[in-house]
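First up is the structure itself, then whatever we jot down about it.
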Amino acid sequence: MADSPITLRLTIADPVAGVRYSLQKDDAPFEPVTAADAPLSFDVPIRLSNDNRFLGPFVRREGPDRRFVYIRIGISAGDHASPWSRRAKIDIHDIPPAVLDQARAGRILEATLPGRGMDGSPACATVRPVAPWRAL
């Protein structure tokens with residue numbers, strides 16, 4: 001059986017308005033957007049192997065099991081006037097198999113992410129969803 005194309009939707013609930021965000025594809029910003037006063041979503045096309053390995057140019061790896069997607073922020077997203085140069089790391093290796101099965105059936109999987117750190121600046125480093133992954 002071939003790999004299954006699936007879509008992950010990463011929604012930043014409260015991005016910092018005026019800050020540029022983008023996905024990271026390979027090692028570069030991909031389709032940067034500047035946040036307004038509303039949630040900001042990125043649809044991430046990936047491939048899911050038969051044994052639930054995540055594949056494609058948006059998927060990063062760390063060690064034998066950890067897989068994640070980066071959201072670039074500020075300078076990292078191509079805004080060289082920004083005071084921030086950050087990335088948010090969103091783990092995907094821990095999405096439950098039952099939820100992955102729903103993605104294989106054609107449903108989009110969404111994670112809602114916090115957009116700000118405790119100091120009000122853009123959230124970065126490992127950013128955990130505010131609720132479990134869900135199928136739309």
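The values are calculated or read from the model by the stated rules, or taken from the named source; none is laboratory data. Predicted model only: the values in this text are computed from it and were never measured. Positions of Cβ are backbone-derived with ideal geometry, glycine not excepted, and every protein chain shown enters the neighbour counts.
Looking at ARG116, ARG128, just one residue is among the basic types (Lys, Arg), over 18 Å from THR7 (Cα atoms) and surrounded by fewer than 14 Cβ atoms within 10 Å (Cβ to Cβ), and that residue is ARG128.
Take the residues of region 32-76 that are of a type in the set (D, E, K, R), more than 15 Å from PRO15 (Cβ to Cβ) and free of Cβ contacts under 8 Å to residues at least 40 places away in the same chain: which is surrounded by the fewest Cβ atoms within 10 Å (Cβ to Cβ)?
Here is the first cut: in region 32-76, the residues of a type in the set (D, E, K, R) are 37, 43, 47, 51, 53, 60-62, 65-67, 72.
With the extra rule that they be more than 15 Å from PRO15 (Cβ to Cβ), the set shrinks to 43, 47, 51, 53, 60-62, 65-67.
In the following step, the residues that additionally are free of Cβ contacts under 8 Å to residues at least 40 places away in the same chain were identified as 51, 53, 60-62, 65-67.
Values: ASP51: 5, ARG53: 14, ARG60: 18, ARG61: 12, GLU62: 11, ASP65: 9, ARG66: 13, ARG67: 19.
The qualifying residue surrounded by the fewest Cβ atoms within 10 Å (Cβ to Cβ) is ASP51.
Scanning region 85-108 for residues that are more than 16 Å from GLN24 (Cα to Cα) and either part of a loop (DSSP other than H, G, I, E, B) or touching a Ser or Thr at 6+ places or on another chain (Cβ under 7 Å) (or both) gives HIS93, ASP94, ILE95, PRO96, ARG104, ALA105, GLY106, ARG107, ILE108.
Condition check ((1) outside any loop (DSSP other than H, G, I, E, B); (2) out of contact with any Asp or Glu (no Cβ under 7 Å at 6 or more places or on another chain); (3) under 23 Å from LEU136 (Cβ atoms)) across all residues:
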site: THR11; (1), (2), (3): yes, no, yes
site: VAL33; (1), (2), (3): yes, yes, yes
site: PHE42; (1), (2), (3): yes, yes, yes
site: ASP79; (1), (2), (3): no, yes, no
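For the criterion of being in a loop (DSSP other than H, G, I, E, B) and either modelled with pLDDT of 95 or more or touching a Phe, Trp or Tyr at 6+ places or on another chain (Cβ under 8 Å) (or both), ALA2 fails.
Evaluation of ASP94 against the conditions (1) over 16 Å from ALA125 (Cα atoms); (2) over 14 Å from the mean Cα position of the chain (by Cα); (3) surrounded by fewer than 16 Cβ atoms within 10 Å (Cβ to Cβ) shows that the sole unmet condition is (2).
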